[in-house]
Amino acid sequence: MSSKTPFVPFQGSTESNKGRSTPQGGSKVPRDKQNLERQAKLRYCIQSGQSSIHGDTLYEIQTQEAQSFSFHSGTGQGSTGKGPGTGKAVLYTPGCSMEVLGEGLKVRSPGDISQLPAKIIKCKKGDILFDVENGDITFRARNINFEAVGGGQDGQFLAKANRVATIDAPDVRLQGEKILIKADNTTNIISKGFMELKYGFAMASSFADINYGVMAEVLKAATTITPPSI
């Protein structure tokens, strides 16, 4: 190691003859039993072997403004540390993380829906979670597609809102084999122009008619739709 890039031993350790640090004084030993490493530069440092919640550090670079990019072994919180492919890559920055991609790709004509990826995130297993504690999420694109392609008990698309859910477009279409609209308070359908209803069979009744009317039993037998739990 040259004198221009001196080795700085990890805190609580001593420098070994090979230019690496050896834990002492109760410091946690990495699971692979290798020595700790840490090299300090003017504005950043590089380290390996330290323990963290993500697992033992394989390689980490830190800057003077607390940014870090690190790779960890599969020994972190909630992990058994066994099997291949359990390592983590962790990027941290106190400010904005930005990517600018696809500048050299072609511009498609209007109506061309062929795929031209500028970024692909592919998960062989596991989930993707966007957790924004104090902010908003905005998707802005020429077209936006959501697809739930699971089969059996999967293939569900769920959207929840604590206050208001709004869909605003010149043309809104709802199509399905079964459609249920349930309101615990008020339902309003307002058309300022022409309104058309087409059906094969129609039944309209109030809860009083179902419970107490002369057609109560007929209506109960005909009412086969069970509202889902929301």
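Residue-level analysis places residue 225 among those that are within 40 Å of the chain's Cα centre (by Cα) and modelled with pLDDT under 85.
Just to be sure, is residue 61 out of contact with any Phe, Trp or Tyr (no Cβ under 8 Å at 6 or more places or on another chain), modelled with pLDDT of 85 or more, surrounded by fewer than 16 Cβ atoms within 10 Å (Cβ to Cβ) and within 24 Å of residue 31 (Cα to Cα)? For residue 61, the condition - out of contact with any Phe, Trp or Tyr (no Cβ under 8 Å at 6 or more places or on another chain), modelled with pLDDT of 85 or more, surrounded by fewer than 16 Cβ atoms within 10 Å (Cβ to Cβ) and within 24 Å of residue 31 (Cα to Cα) - is not met.
Scanning the stretch 187-212 for residues that are modelled with pLDDT under 85 and among the acidic types (Asp, Glu) returns a single hit, 209.
Considering only residues that are assigned to a loop (DSSP other than H, G, I, E, B) and touching a strand residue (DSSP E or B) at 6+ places or on another chain (Cβ under 9 Å), look in the stretch 82-93 and name the one that is modelled with the highest pLDDT. The qualifying residue modelled with the highest pLDDT is 93.
Okay, residues lined up against (1) in contact with a helix residue (DSSP H, G or I) (Cβ under 8 Å, 6 or more places away or on another chain); (2) within 15 Å of residue 38 (Cα to Cα); (3) at pLDDT 85 or above:
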site: 50; (1), (2), (3): no, yes, yes
site: 54; (1), (2), (3): no, no, yes
site: 65; (1), (2), (3): no, no, yes
site: 77; (1), (2), (3): no, no, no
site: 80; (1), (2), (3): no, no, no
site: 98; (1), (2), (3): no, no, yes
site: 103; (1), (2), (3): no, no, yes
site: 107; (1), (2), (3): no, no, yes
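Look at the stretch 72-94: where a residue is under 21 Å from residue 29 (Cα atoms) and loosely packed, with under 15 Cβ neighbours inside 10 Å and a partner is β-branched (Val, Ile, Thr) and at pLDDT below 75, sitting 6+ places away or on another chain with Cβ atoms under 6 Å, you get 81/75.
The values are calculated or read from the model by the stated rules, or taken from the named source; none is laboratory data. Just so you know, these numbers come straight off a predicted model, no measurement behind them. Heads up, the Cβs are rebuilt from the backbone with ideal geometry, glycines too, and the neighbour counts pull from every protein chain shown.
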